[in-house]
1. Identify the residue in region 384-402 that is touching a Pro at 6+ places or on another chain (Cβ under 9 Å) and under 29 Å from residue 45 (Cα atoms) and, among all such residues, is surrounded by the fewest Cβ atoms within 10 Å (Cβ to Cβ).
2. Mind checking whether some residue in region 56-66 is in a helix (DSSP H, G or I), charged (D, E, K, R), within 20 Å of residue 417 (Cα to Cα) and modelled with pLDDT under 95?
3. Which condition number in (1) of a type in the set (Val, Ile, Thr); (2) part of a loop (DSSP other than H, G, I, E, B); (3) surrounded by fewer than 19 Cβ atoms within 10 Å (Cβ to Cβ) is the one that residue 71 fails?
4. Is one or more of the residues making up region 101-110 polar (S, T, N, Q) and outside the structural domain of residue 411 (by TED's automatic domain parsing)?
5. Restricting attention to region 458-481, does a residue exist that is out of contact with any helix residue (DSSP H, G or I) (no Cβ under 9 Å at 6 or more places or on another chain) and more than 27 Å from residue 183 (Cα to Cα)?
6. Go through region 198-239 and give me each residue that's surrounded by fewer than 16 Cβ atoms within 10 Å (Cβ to Cβ), over 24 Å from residue 512 (Cα atoms) and touching a helix residue (DSSP H, G or I) at 6+ places or on another chain (Cβ under 8 Å).
7. State which residue is modelled with the lowest pLDDT when the search covers only region 455-466 and only residues that are part of a loop (DSSP other than H, G, I, E, B) and crowded, with 18+ Cβ neighbours inside 10 Å.
8. When you go through (1) touching an Asp or Glu at 6+ places or on another chain (Cβ under 8 Å); (2) over 29 Å from residue 342 (Cα atoms) one by one for residue 233, which number turns out not to apply?
Amino acid sequence: MPGLQDFPKERSPSVLALFAFGGIYVLYILFTRFISWQRHSRIIRDNGCKPVAKYPHKDPIFGLDVLKISIKLSKEGGMWDAFEKRYQSINGGVNTFSQRMMGAEEINTAEPENIKAMLATKFKDFELPPGRKAAFQPIFGHGIFTTDDAEWEASRALLRPNFIRTQIADLRMFEHHVSRMISKIPHDGSTVDLQKLFFMLTIDSATEFLFGTSSNVLGTGEDTVKGEKFADAFGYVTDRIGFKNRIGKLGVLFPDPKWKTSVEYVHEYVQKYVQDAATKRKLHVAEKGKADDEQAERYVFLNELAKTGYGEKKIQDELLNILLAGRDTTASLLSFLWHIFARRPDVFDKVRAEVLKLGSDSPTFEQVKDMKYLQYCMNETLRLYPIVPANGRSAVRDTTLPVGGGPDGKSPILVKKGQRVSYHVYVMHRREDLYGPDAAEFRPERWETLRPSWQYLPFNGGPRICIGQQFALTEASYTTIRLLQAFKKIEPREFTPILELQTLTMAVRAGVQVGLTPA
């Protein structure tokens with residue numbers, strides 16, 4: 001006979017409530033998924049969407065196989081060449097496909113029309129990915145590169161007037177720093193890493209333009225020691241942000257004791273300039289009541305921001321955002337360009353012949369812009385080695401992209417709310433159907449007739465197109481002209497295949513090790 005203890009006991013009200021809540025939650029999940037399925041089905045039907053090609057994962061659930069490769073190539077280089085091969089390996093070659101990343105399905109595209117949709121025609125359907133904001137904001141705060149919607153619009157309106165032609169056309173500041181850099185290049189033909197000098201040059205020129213005082217890393221003295229520490233800390237945090245942005249949520253698993261001290265020093269360094277500018281501004285207004293004599297002062301980006309009335313933290317955030325673009329973009333462009341010059345004496349001699357028509361004088365802004373072959377070389381460098389080789393957006397609502405679906409990749413595709421879409425400019429810039437069978441070759445002459453649109457995006461496009469692109473191109477052009485006036489020959493001193501050093505932007509992993517012969 002069974003004992004009384006063998007009969008089921010009456011369940012407590014709390015347990016019954018828990019079961020009831022669990023059942024309601026499951027029904028809620030099923031209901032919301034059904035509603036989403038209905039909505040997606042309607043969008044697919046109305047727009048003629050078809051499935052996008054899928055990457056054949058070894059781990060089709062979490063996509064850890066792709067993540068493992070990304071981490072490896074982040075450390076070794078070759079990531080974007082690997083991405084190009086990934087596009088080519090799927091179904092005989094595609095320009096849009098999906099893959100898993102930490103369990104989420106992401107879309108990858110190298111289609112101009114899809115990129116145009118995200119950045120322009122369907123701009124309001126997309127925002128910066130949450131992972132990017134999480135990675136960037138501890139150092140860059142709420143600035144033009146880390147915000148969306150009204151906050152981003154306010155940042156752009158605040159910054160845009162500071163990049164007008166009259167500010168960019170004043171080349172005197174560039175001359176001072178370029179002359180210093182040239183003085184540090186050995187004149188006996190011994191090996192020098194130009195990339196290291198280019199990053200020193202651009203941190204000095206960018207800080208002078210932004211703060212009114214240069215970091216002076218090309219100089220000597222106490223300011224140089226502080227400037228070098230700042231440049232090292234800034235370089236470190238951008239490297240780590242880039243790594244965390246690429247591997248997503250797993251970034252928290254990598255201990256990084258240097259991160260906190262580096263962020264603190266960057267903020268401390270910039271805060272001093274912001275506080276000084278704010279104090280001077282208050283004194284000026286208090287003493288004079290108006291800015292009668294300010295037009296005669298040397299232009300300083302920070303001083304202009306101080307006049308807006310924004311708080312010190314907002315001004316600091318915007319300065320750091322622009323410093324990122326002003327330093328890294330120009331230095332990386334110069335590095336890839338001069339890496340190519342060292343291996344292509346025909347190109348070097350042709351662009352130098354154009355420059356020598358100026359004689360030895362410093363060029364004017366108009367003369368810089370009139371250097372057609374130099375501009376072709378810059379365009380071609382940015383085509384093959386875009387400084388930001390990939391970027392991404394997340395859908396803020398269910399939407400579509402115009403191409404990428406179906407067996408031929410010509411049909412529209414569904415993008416679900418919250419889904420990330422990465423666009424690979426590096427891959428797009430090397431497509432043979434867009435640039436010809438010699439797309440992988442450095443040939444500046446193609447720009448004599450080439451008039452690209454959305455298939456060429458070294459500085460992004462649409463409303464978020466880089467507002468500082470002319471500043472970067474002008475500084476890179478001016479620096480190259482002065483170097484070509486000073487040196488008549490260049491020789492490579494490092495011969496490994498070119499690989500990228502990937503931080504938030506892309507530079508040359510091995511540096512630009514060359515020997516230069518004075519003119």
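1. In this case the residue turns out to be 402.
2. Checked region 56-66: no residue is in a helix (DSSP H, G or I), charged (D, E, K, R), within 20 Å of residue 417 (Cα to Cα) and modelled with pLDDT under 95.
3. (2)
4. no
5. Taking every residue of region 458-481 in turn, none turns out to be out of contact with any helix residue (DSSP H, G or I) (no Cβ under 9 Å at 6 or more places or on another chain) and more than 27 Å from residue 183 (Cα to Cα).
6. Selection gives 213 alone.
7. Ranking the candidates gives 466 first.
8. Tallying (1) touching an Asp or Glu at 6+ places or on another chain (Cβ under 8 Å); (2) over 29 Å from residue 342 (Cα atoms), residue 233 fails exactly one: (1).
The values are calculated or read from the model by the stated rules, or taken from the named source; none is laboratory data. Given the structure is predicted, the values throughout are model-derived calculations rather than measurements. Cβ atoms come from the backbone with ideal geometry, glycine included; neighbour counts cover every protein chain shown.
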